[in-house]
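**Student:** My structure is below; once you've seen it, I'll send some questions.
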């Protein structure tokens, strides 16, 4: 799976994803640091990469419609999270990606579970 790792996750998160067999590119490596949310998600769409982030703005399916992107995963960590919490959440993501497709979906990743937002099908077809 092609993944874009947001700058708020750090290089170890990308390493964990690569170790699990994913093509993980970081925002920093691709010189996209500091770009706005809309620009970042548009880069993901063009590159065919799912976005992995801590940015809760991406968890709003009315602003960033999951069906329009190769996938969005927002990691939700405890209030006083450590790097260990972050890495557990990334590993939870890799386990979920091993069995399910994130394409067109919004996943909320916690250290012990994955919540999936499934948009309702378009009834107008």
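**Student:** Could you tell me the center-to-center distance, by alpha carbons, between segment 93-112 and segment 1-48 in angstrom?
**Tutor:** Centre-to-centre (Cα) distance: 15 Å.
**Student:** Compute from the Cα atoms of the chain the Rg and the Dmax, the latter being the longest Cα-Cα distance, and quote both in angstrom.
**Tutor:** Just the Cα atoms of the chain yield Rg and Dmax of 13.7, 46 Å.
**Student:** For the chain, what does -39500 (n - 2.57) per DSSP helix run (n ≥ 4), summed and divided by total residues, give at 222 nm, in deg cm²/dmol to the nearest 500?
**Tutor:** Taken over the chain, the calculation gives -9500 deg cm²/dmol.
**Student:** Give me the extension gain from residue 57 to residue 103: residue separation times 0.36 nm, minus the current Cα-Cα distance, reported in nm with one decimal.
**Tutor:** Fully extending the segment from residue 57 to residue 103 adds 14.7 nm.
**Student:** Work out, step by step, the length gained on full extension between residue 15 and residue 29: first 0.36 nm times the residue separation, then minus their alpha carbon distance; give nm to one decimal.
**Tutor:** Computed gain between residue 15 and residue 29 is 3.8 nm.
**Student:** Okay, moving on. Once the piece of chain linking residue 65 and residue 2 is laid out straight, how much longer is it, given 0.36 nm per residue of separation minus the C-alpha distance between them?
**Tutor:** 20.8 nm
No lab work stands behind these numbers, since they all come straight from the coordinates. Here the structure is a predicted model, which is why all the values come from computation and not from measurement.
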